[in-house]
Amino acid sequence: MARTGLIYDEAMLRHDTGTGHPERPARLDAVHRALDKAALDLQSIPFSVADRADLLRVHTEAYVATVERMCAAGSGYLDPDTPVVAASWKAALLAAGGSIAACRAVLDKTIDNAFCAIRPPGHHAEADHAMGFCLFNNVAIAARWLQRQGGVKRVAIVDWDIHHGNGTQHTFYEDDSVYYVSLHQHPLYPGTGRASERGRNNTNLNLPFPPGTPPEAWVEAVDAKVMPELKRFEPDFLLISSGFDAHHDDPLGSQRLEAVHYAEMTRLVRSLADGRIVSLLEGGYNLNALAESATAHVRALRS
């Protein structure tokens, strides 16, 4: 049984996106309550906010300053989908800082792997602007910390959020030390993620699925396409952008996965990087589906 760590802080609930917004505090609360009820014996990882230097490995100084200024003003929109309030600044820094702390704990062998129950999500955030509910690109920040501070040479990122992680792809598109894989619905927001987008040295793999794809096709793609690619790449560490919005009950997509399929995909990738894995919460907007899928995912990390 693996020792699985958990990143969570209720301060991330205070990122208030307003009535009717899909990326709402209740998402994180539902995940936390479900994990607590499941009694998976997760180890709470102490963490704090990310340093500015952590953010600047991925984002521009001008963009970080813009986010800080808008949050300090008390409210505003970084893009049409991405509102902030005063508490959003700390929430975003905790999301990034928690992701780094989880990576540090795995490298220190305090734990074997970890799940980061965090918000706001991150994989749409570009170097110089927000997109799609995302302020800072948590998974990219974690990957750069692993390389610059953690001594890790080769990082793989597997992203199974239903929406393509444009920000993550663009961060590492020219960098063959990070292999980015995305399984997502296409066409769908943000419109990127075509199979032809392979990166400078073929270390970018997009697996786009049309609406209504059978869930078995997602699992088979991980087994038959993702695993051979990443085994050849031989990553030293695996990060997962774990969105659960390909679930058949999710309101923002048209896929058919259930909790069991997230567990199956998790079990398939668990052998990579000698099990050194940190998973970060991205999307998932039906509360019950999100809670069930996240629990199945974490249970598979523990197994």
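All but one of (1) closer than 27 Å to ALA125 by Cβ; (2) more than 17 Å from the chain's Cα centre (by Cα); (3) of a type in the set (S, T, N, Q) hold for SER271; which doesn't?
Result: SER271 fails condition (1) only.
Quick one: PRO121 ticks every box in (1) part of a loop (DSSP other than H, G, I, E, B); (2) more than 22 Å from ALA291 (Cβ to Cβ) except a single one, so which number is it?
It fails just one condition, (2).
Do we find that LEU280 is in contact with a Cys (Cβ under 7 Å, 6 or more places away or on another chain), modelled with pLDDT of 95 or more and in a strand (DSSP E or B) in this structure?
So LEU280 passes the test.
Checking ARG69 against (1) in contact with a Lys or Arg (Cβ under 9 Å, 6 or more places away or on another chain); (2) surrounded by fewer than 17 Cβ atoms within 10 Å (Cβ to Cβ), which test does it fail?
(1)
Of PHE244, PHE237, which residue is within 22 Å of ASN113 (Cα to Cα) and touching a Lys or Arg at 6+ places or on another chain (Cβ under 8 Å)?
The conditions single out PHE237.
Here's the yes/no breakdown for (1) modelled with pLDDT under 95; (2) of a type outside the set (Lys, Arg); (3) over 22 Å from GLY98 (Cα atoms); (4) touching a Cys at 6+ places or on another chain (Cβ under 7 Å):
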| site | (1), (2), (3), (4) |
| --- | --- |
| TYR189 | no, yes, yes, no |
| ARG200 | yes, no, yes, no |
| ARG232 | no, no, yes, no |
| HIS247 | no, yes, yes, no |
| LEU257 | no, yes, yes, no |
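Would you please list the contacts, defined by Cβ atoms under 9 Å and residues six or more apart or on different chains, that run from a residue in the range 76-101 that is in contact (Cβ under 8 Å) with a residue 40 or more places away in the chain and polar (S, T, N, Q) to a residue that is in a helix (DSSP H, G or I) and surrounded by fewer than 24 Cβ atoms within 10 Å (Cβ to Cβ)?
SER88/ARG14; SER88/MET70; SER88/CYS71
In the range 114-135, which residues are crowded, with 24+ Cβ neighbours inside 10 Å and more than 21 Å from ILE162 (Cβ to Cβ)?
ALA114
From the residues in the range 60-103 that are assigned to a loop (DSSP other than H, G, I, E, B) and among the hydrophobic types (A, V, I, L, M, F, W, C), which one is farthest from the chain's Cα centre (by Cα)?
Looking at the filtered set, the residue picked out is ALA86.
Within the range 15-40, can you find the residues that are part of a helix (DSSP H, G or I) and either within 14 Å of PRO121 (Cα to Cα) or among the aliphatic types (A, V, I, L, M) (or both)?
Passing the criteria: PRO25, ALA26, ARG27, LEU28, ALA30, VAL31, ALA34, LEU35, ALA38.
Here is a list of conditions, (1) buried (at least 24 other Cβ atoms within 10 Å of the Cβ); (2) under 20 Å from ALA142 (Cα atoms), and ARG270 meets all of them except one; can you say which number that is?
(1)
Looking at the range 151-175 only, could you name the residues that are of a type in the set (Asp, Glu), part of a loop (DSSP other than H, G, I, E, B) and in contact (Cβ under 8 Å) with a residue 60 or more places away in the chain?
Correct list: ASP161 only.
Any residue in the range 216-237 that is within 14 Å of the chain's Cα centre (by Cα) and surrounded by 22 or more Cβ atoms within 10 Å (Cβ to Cβ)?
no
Is it the case that some residue within the range 101-111 is within 18 Å of TYR179 (Cα to Cα), out of contact with any Phe, Trp or Tyr (no Cβ under 8 Å at 6 or more places or on another chain) and not small (Gly, Ala, Ser)?
Among the residues of the range 101-111, not one is within 18 Å of TYR179 (Cα to Cα), out of contact with any Phe, Trp or Tyr (no Cβ under 8 Å at 6 or more places or on another chain) and not small (Gly, Ala, Ser), which makes the answer no.
Yes or no: ASP36 of a type outside the set (S, T, N, Q), closer than 20 Å to PHE244 by Cβ and surrounded by fewer than 20 Cβ atoms within 10 Å (Cβ to Cβ)?
Yes: the conditions hold for ASP36.
Need at least 2 residues that are over 25 Å from THR295 (Cα atoms) and without any contact (Cβ under 8 Å) to a residue 24 or more places away in the chain per element, so show me which helices (runs of 4 or more DSSP H) inside the range 187-277 make the cut, counting only ones lying wholly within it.
In the range 187-277, 227-233 are the helices (runs of 4 or more DSSP H) which contain 2 or more residues that are over 25 Å from THR295 (Cα atoms) and without any contact (Cβ under 8 Å) to a residue 24 or more places away in the chain.
The values are calculated or read from the model by the stated rules, or taken from the named source; none is laboratory data. A quick note: this is a predicted structure, and the numbers were derived from the prediction, not measured. Because the Cβ atoms are built from the backbone with ideal geometry, glycine has one as well, and the counts that use them run over all protein chains shown.
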